[in-house]
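Presented below is the structure to which this report refers.
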């Protein structure tokens, strides 16, 4: 350890471990507690918000839109996929490459129960659609295989809709398909409930109805046929690259869209929410940095005599400043770390709170996701904590320049 | 034969007090030979401490210069002045100002810590000094647990840790009782003599001043030989 470092560490240690004035100890303790207490809700709310946004996004992608939608037959896409470098050489073609392809047909209709009606979005899918990854997002409560039984189309309803229509598996509902472009007649049909699911997200549960694939081809508009592509290990960021590869394999031009090009209002809301949250966080961090600076200033004011004495003994201002900076930064870093760890711990256990909230059945919370995996946003937390540490270091360093103006003579009497 | 260690040449120091200017030192000159013990006596408010502060590089005069081994203090930058105080001067003050958050041993080590001495070396030296002043058993105590005499002995050890050329002592026994004063006086002169240091002492106690090889009286803002 070099000369000034050893002195700086000794000085920093003495600042943190006072034996003299109790108000110095209390300033350090206040600093530690305030920053830690501040970090807990910041980390918790960041993890919660990110988890919820990611959770809702995943539900929309996996159950409604896919990562990519290509407006052509899935066989064409599957063939093309199996010829592109991304899928070549893998044991099971594109599935092994982390790309899942499903053909769906969509359309709007009105369901009629005994006393209730509800407009719904019908989506016809193959039984293979409900793979492990989707079932995680869907929670099938009771279900038979989704298939046409005789002349009746089979449907999966959400628990929300099942309760709305007071129906269960095997029950029937009337369906009127809303005519698509060019059609003049409404087409009534009976459907049989074959399964009840629960996505945990009201916005989907109140309108999404899955229909068996065969019935979908018969009843839903052909022009609504699309191929949904889901990326698993492949990586969402390479969507454009994948589409280019696919286009090279197909003679006709492919029309396609990314997931964020559907439900744009929702994704823009998410982006705005994130920006607002970051702006609020930034304001809180600036306030915290200001408080940390005030504590540093308080420490200097309390230690004026000691600082002057150290100058008498030959200590240079820059080394005293560094000692104080080290002490204040050390406490700040430690309390940021402690607060962050507590925040992460709470975020990891937030499911308990969410279950409680769900049980309370508060209507205002219906539009939020109350069951999702909290994936700790490590990079964002590091940015958040790093910003606070950097801001406090800069403001404290500026405040500590006051030490330069403390003169050795301030401690001595004049005769 | 003594060679000159510190010279104060034509020093003038004034303080502004409201609209009036108070002259404390005027055209004062003083030579401190190496190895000598120099006492400055004078009435309260005569400027004795101001003189020591200027000699120790803690204050600057309006006119004149302080020369330490051919180096003029007024031409030094802050960093150089800090190094000058740290390496060449050992301060002992009346109110034995110790750092309350450090133990007696750490207080003694502080100047060497600032200087960058090797930890083992400075600890060993500090312990030796504390032993020399019969305080080895109090090394781990903080100043708040020490008596006035003990604190002044710690301050004395702190002044000597960096082997400075000059010990500047400002009324070193001024705040102590008679018994402690006598002990500290003896220690001060013994240690200065043992370690062949130069002593620049300010006191109003004639008997203490008489233990020095040179005595000056601060009178009419100047130093005059005391007889």
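The values are calculated or read from the model by the stated rules, or taken from the named source; none is laboratory data. These figures come from a predicted structure and were not determined experimentally. Neighbour counts are summed over all protein chains in view; Cβ atoms, including those assigned to glycine, are modelled from backbone coordinates with ideal geometry.
If you check B:123, B:85 for being over 19 Å from the mean Cα position of the chain (by Cα) and either assigned to a helix (DSSP H, G or I) or within 24 Å of residue A:318 (Cβ to Cβ) (or both), only one passes: B:123.
Counting only strands (runs of 3 or more DSSP E) that sit wholly inside the stretch A:58-145, those with at least 1 residues that are modelled with pLDDT under 85 and under 26 Å from the mean Cα position of the chain (by Cα) are A:99-112, A:140-143. Restricting B:173, B:203 to those that are within 14 Å of chain A (Cβ to nearest Cβ), in contact with a helix residue (DSSP H, G or I) (Cβ under 8 Å, 6 or more places away or on another chain) and surrounded by 19 or more Cβ atoms within 10 Å (Cβ to Cβ) reduces the list to B:203.
Rundown of residues vs (1) within 14 Å of another protein chain (Cβ to nearest Cβ); (2) buried (at least 17 other Cβ atoms within 10 Å of the Cβ); (3) over 23 Å from residue A:50 (Cα atoms), yes/no style:
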{"position": "A:264", "(1), (2), (3)": "no, no, no"}
{"position": "A:279", "(1), (2), (3)": "no, no, no"}
{"position": "A:313", "(1), (2), (3)": "yes, yes, yes"}
{"position": "A:334", "(1), (2), (3)": "no, no, yes"}
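Take residue A:413 and decide whether it is at pLDDT 90 or above, within 14 Å of another protein chain (Cβ to nearest Cβ) and exposed (fewer than 14 other Cβ atoms within 10 Å of the Cβ). In short, no. Taken together, A:354, A:346 contain a single residue that is free of Cβ contacts under 8 Å to residues at least 24 places away in the same chain, within 30 Å of residue A:139 (Cβ to Cβ), under 20 Å from the mean Cα position of the chain (by Cα) and away from chain B (no Cβ under 14 Å), which is A:354. Of all residues in the stretch B:119-167 being over 24 Å from residue B:200 (Cβ atoms), out of contact with any helix residue (DSSP H, G or I) (no Cβ under 7 Å at 6 or more places or on another chain) and in contact (Cβ under 8 Å) with a residue 24 or more places away in the chain, which is nearest to the other protein chains (Cβ to nearest Cβ)? Filtering the stretch B:119-167 for residues that are over 24 Å from residue B:200 (Cβ atoms), out of contact with any helix residue (DSSP H, G or I) (no Cβ under 7 Å at 6 or more places or on another chain) and in contact (Cβ under 8 Å) with a residue 24 or more places away in the chain, the one nearest to the other protein chains (Cβ to nearest Cβ) comes out as B:142. Of A:336, A:344, A:292, A:376, all but one fail to be in a loop (DSSP other than H, G, I, E, B) and either in contact with a strand residue (DSSP E or B) (Cβ under 7 Å, 6 or more places away or on another chain) or assigned by TED's automatic domain parsing to the domain that holds residue A:41 (or both); the exception is A:376. One residue is enough: does the stretch A:363-385 have a residue meeting the conditions within 30 Å of residue B:108 (Cα to Cα), within 39 Å of the chain's Cα centre (by Cα) and more than 14 Å from chain B (Cβ to nearest Cβ)? No - not one qualifying residue is present in the stretch A:363-385. Within the stretch B:103-118, the set of residues being in a helix (DSSP H, G or I) and in contact with a helix residue (DSSP H, G or I) (Cβ under 7 Å, 6 or more places away or on another chain) comprises B:104, B:105, B:107, B:108, B:109, B:110, B:111, B:112, B:113, B:114, B:115. Output yes when any residue across the stretch A:274-288 is at pLDDT 90 or above and within 23 Å of residue A:65 (Cβ to Cβ), and no when none is. Within the stretch A:274-288, one or more residues are at pLDDT 90 or above and within 23 Å of residue A:65 (Cβ to Cβ). Find the residue count for the stretch B:81-110, including only residues that are without any contact (Cβ under 8 Å) to a residue 40 or more places away in the chain and more than 10 Å from chain A (Cβ to nearest Cβ). Residues meeting the conditions: 1. I'm trying to understand the selection: among the residues of the stretch B:48-63, which are more than 7 Å from chain A (Cβ to nearest Cβ) and out of contact with any helix residue (DSSP H, G or I) (no Cβ under 6 Å at 6 or more places or on another chain)? Passing the criteria: B:51, B:52, B:54, B:55, B:56, B:60, B:62, B:63.
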